[in-house]
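In what follows, a structure is listed as structure tokens, so that the remarks can point back to it.
The values are calculated or read from the model by the stated rules, or taken from the named source; none is laboratory data. What you are looking at is a predicted structure, and each value in this text was computed from that prediction instead of being measured. Here the Cβ positions follow ideal geometry from the backbone for every residue, glycine too, while neighbour counts run over all protein chains shown.
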Amino acid sequence: MRFQLSEEQLMIQQAARDFAQNELKPGVIERDEHQKFPAEQVKKLGELGFLGMMVSEKYNGSGLDALSYVLVMEELSKIDASASVVVSVNNSLVCYGLESYGSDYQKEKYLKPLAAGEKIGAFCLSEPEAGSDATSQQTTAEDKGDHYLLNGTKNWITNGSTASTYLVIAQTDKSLKHKGINAFIVEKGMEGFTVGPKENKLGIRGSDTHSLMFNDVKVPKENRIGEDGFGFKFAMKTLEGGRIGIAAQALGIAAGAYELALQYAQQRKAFGKPIAEHQAIAFKLADMATQIEAARMLVYKAAWLKDQGESYTLAGSMAKLYASKVAMDVTVEAVQIHGGYGFVKEYHVERLMRDAKITQIYEGTSEIQKMVISREIIR
Ligand code: CAA
Ligand code: FAD
């Protein structure tokens, strides 16, 4: 067992760290305040190859491993989780889904511009009445011969208005339950497809979250992903990797808040010495550092298993469950260590605390991760 990153992984980690400091940090408070999507920054992330990191070079990707991807997610999330969720969705849900299960035609037409960062993708599973209970899809896709007719509403879609390519899960045959679900590629601009207003959120406020409405949208047959009835498995397999990305996001949020708290505790004086020298604060820092390190091990192990071609269902869910809890615990303590300053925006930790919460909700809530973990260990 080697706990050592390669030269290439260290270089990529440093590049992401520099990008976060130089490109994401300026303006992050304003973007959060005004719910502004980090458009320029996302464009640059694409130019750096961070939007198609694990896609093979043949399809315009960077051909890197999953461990490099989580290193990048961690570094970006230390500063701006609204930007890192774009990276996560594009890489691990959209590009991964298309490269693993798409046809040659779909890879040429849709994957290439997504991996190059020329276009952004969205993954559309959740609905007003189907979140955790993902098999109860109400969106329908009626087989009309050469095309499907798509009708329904998707909720909470990340990159909802900025995406050009949407992977949409829909029910084609209700009688077959989850075996009658399919995944489709829908393009922005297809007739009958509209984007709802932006959600006003607690955290990741720069990320654009929207509902999507489909009203008799004609989706060509060649845009169905995989065999008929493969859609639910497609969603589950894709989410397995997505959960590693969100676990890395949670890890980064925690690490970012911890770094700020450590620095602050060494500078801020109370009762004649830096607060870090008061044991109550020092012990908080010790707990935070230990939790973060444990989360990091789970996240890196899940990515490593993926890179080895081994099953990562259990490891990915464990990493997400634990890292998201650590993100909540550590960010709350980071605010506490900052005292009153932690409660105002300039010090960043209150935003990290608000951003942390979403990591316990999306890509499967913590309760759903426990369902996956318990099923894996009991069966
Ligand atoms: N891989 C392959 N197949 C899988 C699978 C997996 N990981 N998990 C389940 N399946 C298959 C099962 O084998 C079964 O198929 P068969 O009948 O052919 O065997 C079928 O799927 C149904 O499985 P279950 O009976 O286990 O289904 P369930 O109704 O109990 O639900 C669940 C399982 C894990 C709870 C699932 O519904 C789930 O993951 N829910 C959470 C949804 C979610 O994570 N949404 C995230 C949306 S995307 C997002 O959030 C993005 C973002 O924010 C940025
Ligand atoms: P529900 O499923 O209604 O759950 C409510 C509560 O009940 C939760 O605490 C849940 O854990 C609990 N619960 C439900 N079932 C069980 C059970 N069997 N046992 C124990 N507890 C249970 N979805 C997408 O498809 N694409 C996206 O890009 C996307 N981005 C998102 C971005 C944001 C900002 C948000 C808020 C959500 C996003 N989602 C996205 C949706 C997200 O995945 C869902 O919100 C999530 O899966 C939970 O579904 P729900 O909101 O319907 O909650």
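Take residue 346 and decide whether it is farther than 24 Å from residue 67 by Cβ, acidic (Asp, Glu) and touching a Leu at 6+ places or on another chain (Cβ under 9 Å). Outline the logic, then answer.
Values: farther than 24 Å from residue 67 by Cβ: yes; acidic (Asp, Glu): yes; touching a Leu at 6+ places or on another chain (Cβ under 9 Å): no.
Considered against the rule, which asks whether it is farther than 24 Å from residue 67 by Cβ, acidic (Asp, Glu) and touching a Leu at 6+ places or on another chain (Cβ under 9 Å), residue 346 comes out as no.
Please go through region 16-62 and give me each residue that is in a loop (DSSP other than H, G, I, E, B) and either exposed (fewer than 14 other Cβ atoms within 10 Å of the Cβ) or touching a strand residue (DSSP E or B) at 6+ places or on another chain (Cβ under 6 Å) (or both), ordered by number.
Within region 16-62, the first condition is being in a loop (DSSP other than H, G, I, E, B), and the residues that meet it are 25-27, 35-38, 48-56, 60-62.
Across region 16-62, the qualifying residue is only 26.
On the given criteria, is residue 195 within 16 Å of ligand 2 (Cβ to nearest atom), within 22 Å of the chain's Cα centre (by Cα) and surrounded by fewer than 24 Cβ atoms within 10 Å (Cβ to Cβ)? Can you show your working first?
On the way: within 16 Å of ligand 2 (Cβ to nearest atom): yes; within 22 Å of the chain's Cα centre (by Cα): yes; surrounded by fewer than 24 Cβ atoms within 10 Å (Cβ to Cβ): yes.
Yes: the conditions hold for residue 195.
Taking region 198-215, which residues are within 24 Å of residue 98 (Cα to Cα) and either of a type in the set (Ser, Thr, Tyr) or more than 21 Å from the chain's Cα centre (by Cα) (or both)? Can you show your working first?
Taking region 198-215 and keeping what is within 24 Å of residue 98 (Cα to Cα), we get 207-214.
Scanning region 198-215 gives 207, 209, 211, 213, 214.
Determine whether region 110-124 contains at least one residue that is of a type in the set (Gly, Ala, Ser), buried (at least 19 other Cβ atoms within 10 Å of the Cβ) and within 12 Å of ligand 2 (Cβ to nearest atom).
Taking region 110-124 and keeping what is of a type in the set (Gly, Ala, Ser), we get 115-117, 121-122.
Cutting the leftovers down to buried (at least 19 other Cβ atoms within 10 Å of the Cβ) gives us 115, 117, 121-122.
Keeping just the survivors that are within 12 Å of ligand 2 (Cβ to nearest atom) gives 121-122.
Yes: region 110-124 contains one or more residues that are of a type in the set (Gly, Ala, Ser), buried (at least 19 other Cβ atoms within 10 Å of the Cβ) and within 12 Å of ligand 2 (Cβ to nearest atom).
Counting only residues that are under 20 Å from residue 204 (Cβ atoms) and among the charged types (D, E, K, R), which one in region 329-351 is nearest to the chain's Cα centre (by Cα)? If you could, list the steps in order and put the result at the bottom.
Going through region 329-351, the residues under 20 Å from residue 204 (Cβ atoms) turn out to be 329-332, 334-335, 342-351.
Remaining after also requiring among the charged types (D, E, K, R): 329, 345-346, 350-351.
Values: 329: 20, 345: 24, 346: 25, 350: 20, 351: 17 Å.
So, considering only residues that are under 20 Å from residue 204 (Cβ atoms) and among the charged types (D, E, K, R), the one nearest to the chain's Cα centre (by Cα) is 351.
Residue-by-condition table, conditions (1) within 11 Å of ligand 1 (Cβ to nearest atom); (2) under 22 Å from residue 122 (Cβ atoms); (3) surrounded by 24 or more Cβ atoms within 10 Å (Cβ to Cβ):
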{"site": "334", "(1), (2), (3)": "no, no, yes"}
{"site": "340", "(1), (2), (3)": "no, no, no"}
{"site": "345", "(1), (2), (3)": "no, no, no"}
{"site": "349", "(1), (2), (3)": "no, no, yes"}
{"site": "352", "(1), (2), (3)": "no, no, yes"}
{"site": "361", "(1), (2), (3)": "yes, yes, no"}
{"site": "367", "(1), (2), (3)": "yes, no, no"}
{"site": "372", "(1), (2), (3)": "yes, no, no"}
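Would you tally the residues in region 264-311 being closer than 19 Å to residue 348 by Cβ and touching a strand residue (DSSP E or B) at 6+ places or on another chain (Cβ under 8 Å)?
Our first condition is that a residue be closer than 19 Å to residue 348 by Cβ; within region 264-311, this holds for 264-268, 275-276, 281, 284-285, 288-289, 292.
Now drop any that are not touching a strand residue (DSSP E or B) at 6+ places or on another chain (Cβ under 8 Å), which leaves 265-268, 275.
So the answer is 5.
When both residues are 6+ apart or on different chains and their Cβ atoms are under 7 Å apart, which pairs have a first residue that lies in region 294-316 and is of a type in the set (Lys, Arg), and a second that is crowded, with 16+ Cβ neighbours inside 10 Å?
As it stands, the answer is 296/251; 301/315; 306/66; 306/241; 306/244; 306/312, since those pairs meet every condition given.
For every residue, the table says whether it meets (1) within 15 Å of ligand 2 (Cβ to nearest atom); (2) of a type in the set (Ser, Thr, Tyr); (3) within 15 Å of the chain's Cα centre (by Cα).
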{"position": "234", "(1), (2), (3)": "yes, no, no"}
{"position": "241", "(1), (2), (3)": "yes, no, yes"}
{"position": "247", "(1), (2), (3)": "yes, no, yes"}
{"position": "251", "(1), (2), (3)": "no, no, yes"}
{"position": "257", "(1), (2), (3)": "no, no, no"}
{"position": "262", "(1), (2), (3)": "no, no, no"}
{"position": "266", "(1), (2), (3)": "no, no, no"}
{"position": "270", "(1), (2), (3)": "no, no, no"}
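Could you check region 198-226 and list, in sequence order, the residues that are farther than 20 Å from residue 187 by Cα and surrounded by fewer than 16 Cβ atoms within 10 Å (Cβ to Cβ)?
Result: 200, 202.
Here is a check on your reading of the model: is residue 349 more than 16 Å from ligand 2 (Cβ to nearest atom), of a type in the set (A, V, I, L, M) and modelled with pLDDT of 95 or more? Reasoning before the result, please.
On the way: more than 16 Å from ligand 2 (Cβ to nearest atom): yes; of a type in the set (A, V, I, L, M): yes; modelled with pLDDT of 95 or more: yes.
Yes; evaluated as a whole, the condition is true for this residue.
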